[in-house]
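Inspection log for the structure reproduced underneath, given as structure tokens.
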Amino acid sequence: MVKKVYLVENLDCANCAAKVEAALGALPEVQEAVLTYATMQLRITAEDPDALLPKLQEVAQKVEPGVEFYPRDGAHSHSGEHEHHHDCCCGHDHEHHHNHDHHHDDDHEHDHEDEHHHDHGHEHGGEEPEDLKPLLVGAALFAVGLVLEHFGLTWLTLGVCLAAYVLLGKEVVVTAVKNLARGQMLDENFLMALASIGAFFTGSYTEAVGVMLFYRIGEYFEDRAVARSRSQIMEAVDLRPEVVQLVDGETVREIPAGEAKIGDVVLVRPGDRIPLDGIVVSGSSRIDTAPITGEPVPVSVAEGDSVVSGCVNTTGQLTVRVEKPLSESMVTRILDSVENAAASKPKIDRFITRFARVYTPIVVGAAVLTAIIPSLVTGDWGKWVYTALTFLVMSCPCALVLSVPLAFFAGIGAGSKRGILFKGGQSMEAMSKIKAVVMDKTGTITKGDFTVQKIVGGDELLEICANCEQQSTHPIAESIVAAAKARNMELRRPEELEELAGRGIRAKLDGKEVLCGNERLLTEKGVTFPKSKEYGTKVLVAVDGAYQGHLLIADTIKTGAESAVRALRDSGIETVMLTGDAEESAKAVAGAVGIREVHAGLLPQQKLARLQSIRETKGAAMFVGDGINDAPVLAGADVGAAMGSGADA
């Protein structure tokens, strides 16, 4: 069996996607069909999916006219390329290069907002979710109909109301008729069409139009809210390069990334993203791995070291020998991880449709019995058919059909005023079923900033460190210098200064040799020091071979984090931490805020696997995170909440 992914166009809603998926899955030639509305992708498992494509297209169009499938071109495809015409909104390029001079080893995860290289320069221009003109004209005609009805002008009222009804209700009636023809009886479209047409027959012309008008207003607002807040997740996480700089003898030429083969040598300039997984052939640099691991401290690489695609080369020029083609590199694996997560998401049936499935047959059955049984007994068919239609109008779930979209819209609006963006009504509906909230650490529970939390050895130690660190742009160095300046210390230049990659600094200050760095540095130089486990990064200081003390630099826990976790626990919701950080740091933060379950040292794909096991044991889960490296797990959760710079994902 072969698994193939196709892009989908002209699909109107998640409900339509579910119908198309069911129809395709019922084909004998298809082993599995997964249609994911969030990514606009269809995954088909069959003997020969490409040969089946015309048949798949034909079956899909019977269920949803206008739906089209396109083969996905591996190297250049993008799930947003055939974006659904309703929900599309313009993508914005955000580019952030990190040029930090990092030298300390550090155990902290820190989710930088990542540089997003979009694979294509434009998105389709966003259209209004529904054409507003018929809605406005229909509303005006409805108002005119109310005035005419007030003055008793029955025929004029009927004429105006019929015109308004055609404008507003045509789609609902046509959908109901099509569904009937396909054997899909008694959904909300059918009931609304029957009730509103019945209202015309009972002489309730304005009521018939009112049912359709308010339904359309509710749908319009929900569609509009979705179109505005639906995130461009696939674009944000698609770090795959369009082209690579191939080193060919003495020359460098540009080739499509998909054409680069194992063994090819590519040039990676400072500020460039590493395009493919490989090994450094020449050059040395610091690599910002934050986009992939969330780790804030860049890693020093030199000849012979492995580098992973998606990371940013910050300082020196590198030539890299390709070890994995684009299809197997980390950037593609993360993209696939997001797509798989979205495809394996539990499906949330629309509440209205679920309700209508049970309610509609009961109401229609009751109306039919009301029309027939008394008529057979009394012979007065006119009166009882009229009564049955009146009952149908009264019992039509139009109040519900209207209230659900409007309630979602009100919730989306209220959230946006507090800085919370919902992708749509489905996200809000899903939140009501959440049993566990799973959180990232850095940027979610903590602020993601480094500050000097503790000085062991007096303020003099801070001054020595700040003198040595003042030329560095490393976040830990900057926090030390900031702390010294806050205490109004006057800094001076060391007589000598040597940076020791991944270890720290050796300097000469007032004729004394100063070592300022991590435990590895002091061990290498033969300095003995007491071992202690504390949350944060320790910068140890030795002067002339004697240990003087250390600074503790740590991320600050957000105010309100502890009370938020407590409020969740009080609501009966379990809290879990998933982080790429080291276990000691993760447990220290979790303990401070009251999270009992901690899983540390995880890569993006491992976070997703752990989340899925949490969902199996605890139930529906919400993931709260920040940063591109959390994108797969955000997409795989029942509800994904992105904070701060992670909102793009």
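For the stretch 508-547, which positions are over 42 Å from the mean Cα position of the chain (by Cα), buried (at least 20 other Cβ atoms within 10 Å of the Cβ) and outside any helix (DSSP H, G or I)?
V514, L515, V541, A542
Do we have A620 as touching a strand residue (DSSP E or B) at 6+ places or on another chain (Cβ under 9 Å) and modelled with pLDDT under 85 here?
For A620, the condition - touching a strand residue (DSSP E or B) at 6+ places or on another chain (Cβ under 9 Å) and modelled with pLDDT under 85 - is not met.
Would you confirm whether or not the stretch 572-582 contains a residue that is polar (S, T, N, Q) and open to solvent by less than 60 Å² (accessible area, probe 1.4 Å)?
Yes, the conditions are met somewhere in the stretch 572-582.
Go through the stretch 248-271 residue by residue and tally those that are touching a helix residue (DSSP H, G or I) at 6+ places or on another chain (Cβ under 8 Å) and in a loop (DSSP other than H, G, I, E, B).
Going through the stretch 248-271 one residue at a time, the tally reaches 1.
Being over 25 Å from N467 (Cβ atoms) and among the small types (G, A, S) is the filter; apply it to the stretch 548-562 and report the residue that is least open to solvent (accessible area, probe 1.4 Å).
A561
For the stretch 429-478, enumerate the residues that are of a type in the set (S, T, N, Q), open to solvent by 10 Å² or more (accessible area, probe 1.4 Å) and over 30 Å from I614 (Cβ atoms).
The answer is T451, Q453, Q470, Q471, S472, T473.
Taking the options S585, S613, name whichever one is out of contact with any helix residue (DSSP H, G or I) (no Cβ under 9 Å at 6 or more places or on another chain), within 15 Å of G636 (Cβ to Cβ), among the hydroxyl-bearing types (S, T, Y) and part of a helix (DSSP H, G or I).
Exactly one of S585, S613 is out of contact with any helix residue (DSSP H, G or I) (no Cβ under 9 Å at 6 or more places or on another chain), within 15 Å of G636 (Cβ to Cβ), among the hydroxyl-bearing types (S, T, Y) and part of a helix (DSSP H, G or I), namely S613.
Please verify whether the stretch 419-438 includes one or more residues that are touching a residue at least 60 places away in the same chain (Cβ under 8 Å), over 42 Å from the mean Cα position of the chain (by Cα) and part of a helix (DSSP H, G or I).
Checked the stretch 419-438: no residue is touching a residue at least 60 places away in the same chain (Cβ under 8 Å), over 42 Å from the mean Cα position of the chain (by Cα) and part of a helix (DSSP H, G or I).
Exactly one of (1) in contact (Cβ under 8 Å) with a residue 40 or more places away in the chain; (2) surrounded by fewer than 19 Cβ atoms within 10 Å (Cβ to Cβ); (3) within 29 Å of Q453 (Cα to Cα) is unmet by I595. Its number?
(2)
Could you tell me whether the stretch 447-463 includes any residue that is among the hydrophobic types (A, V, I, L, M, F, W, C) and within 18 Å of F623 (Cα to Cα)?
The answer is no; no qualifying residue exists.
Spot the failing condition for I44; the list is (1) crowded, with 18+ Cβ neighbours inside 10 Å; (2) closer than 26 Å to E171 by Cα, and only one is missed.
Exception for I44: condition (2).
When the stretch 548-576 is examined, which residues are found to be in a helix (DSSP H, G or I) and closer than 13 Å to M439 by Cβ?
First pass over the stretch 548-576, keeping only residues in a helix (DSSP H, G or I): 561-570.
Selection gives A561, E562, A564, V565, L568, R569.
Specify the residue that is modelled with the highest pLDDT; the eligible residues are those in the stretch 623-649 that are assigned to a helix (DSSP H, G or I) and open to solvent by 50 Å² or more (accessible area, probe 1.4 Å).
Step one: of the stretch 623-649, the residues assigned to a helix (DSSP H, G or I) are 628-636, 644-648.
Filter again for open to solvent by 50 Å² or more (accessible area, probe 1.4 Å), leaving 644, 647.
Numbers: G644: 59, A647: 46.
Only one residue tops the list, namely G644.
The values are calculated or read from the model by the stated rules, or taken from the named source; none is laboratory data. The structure displayed is predicted, hence computed values, not measured ones. Glycine also receives a Cβ, built like all others from the backbone with ideal geometry; neighbour counts cover every protein chain displayed. Remember, those area values only see protein heavy atoms, side chains included, never the ligands or the DNA or RNA. Shrake-Rupley method; radii C 1.70, N 1.55, O 1.52, S 1.80 Å.
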